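A quick write-up on the structure given underneath.
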Amino acid sequence: MSKKVAVVTGSNKGIGLSIVKGLCKRFDGVVYLTSRDEGRGKAAVADLNKQGLHPEYHQLDVSDRESISKFRDHIQEKCGGIDILINNAGFANANYIDFSYDFEENKKIIDINFKSILTI
Ligand SMILES: NC(=O)c1ccc[n+]([C@@H]2O[C@H](COP(=O)([O-])OP(=O)(O)OC[C@H]3O[C@@H](n4cnc5c(N)ncnc54)[C@H](OP(=O)(O)O)[C@@H]3O)[C@@H](O)[C@H]2O)c1
């Protein structure tokens, strides 16, 4: 039977990175560390490798449809699907609309924290 697949969004740092670490230690399957910035993501993977942990890596910006499509195609081809999705990516401390922000800032919060959950 093929291995189960877990994907953690926004996992180059913070809670997402800790979840990847925990899954690598406890989950008997494939764990994907994903990040919007490839450099930051690969640096996080290199750090985990030094600790003896070996997640897979793929770029994924949850607010970018093209990036989501590329990741979907990759997962489809390599694994056939996802068993566990941890929708961690977010704009911390900005889970609300702040009227002192300008339109673009508020749009970014909506795209990352809310719309991405519908798209992913
Ligand atoms: N920490 C708390 O006390 C707390 C409380 C309640 C809820 N949360 C939620 O828990 C989650 C993680 O929090 P955290 O404290 O670990 O936050 P964090 O340290 O700011 O990490 C957020 C992660 O999300 C990534 N991210 C942001 N926009 C993205 C996008 N468009 N596509 C993909 N990844 C993106 C960031 O990437 P970059 O490094 O590229 O920016 C980073 O890796 C967030 O959703 C946050 O809202 C946190």
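The values are calculated or read from the model by the stated rules, or taken from the named source; none is laboratory data. These numbers come from a predicted model, not from an experiment. Counting neighbours? That spans all protein chains shown, and the Cβs are built from the backbone with ideal geometry, glycine included.
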(request) Assess whether ASP73 counts as being modelled with pLDDT of 95 or more, of a type outside the set (Ser, Thr, Tyr) and more than 14 Å from the ligand (Cβ to nearest atom). (result) yes
(message) If I filter the stretch 31-50 down to residues being surrounded by fewer than 21 Cβ atoms within 10 Å (Cβ to Cβ) and in contact (Cβ under 8 Å) with a residue 24 or more places away in the chain, which single residue comes out as nearest to LYS70 (Cα to Cα)?
(response) ARG36
(message) Among the listed residues GLY16, GLY81, identify the single one that is in a loop (DSSP other than H, G, I, E, B) and either within 17 Å of the chain's Cα centre (by Cα) or without any contact (Cβ under 8 Å) to a residue 40 or more places away in the chain (or both).
(response) GLY81
(message) With the structure loaded, tell me whether ASN113 is within 13 Å of the ligand (Cβ to nearest atom), out of contact with any Pro (no Cβ under 7 Å at 6 or more places or on another chain) and touching a residue at least 60 places away in the same chain (Cβ under 8 Å) or whether it fails that test.
(response) no
(request) Report the residue count in the stretch 1-30 for those that are of a type in the set (Ser, Thr, Tyr) and surrounded by 21 or more Cβ atoms within 10 Å (Cβ to Cβ). (result) 2
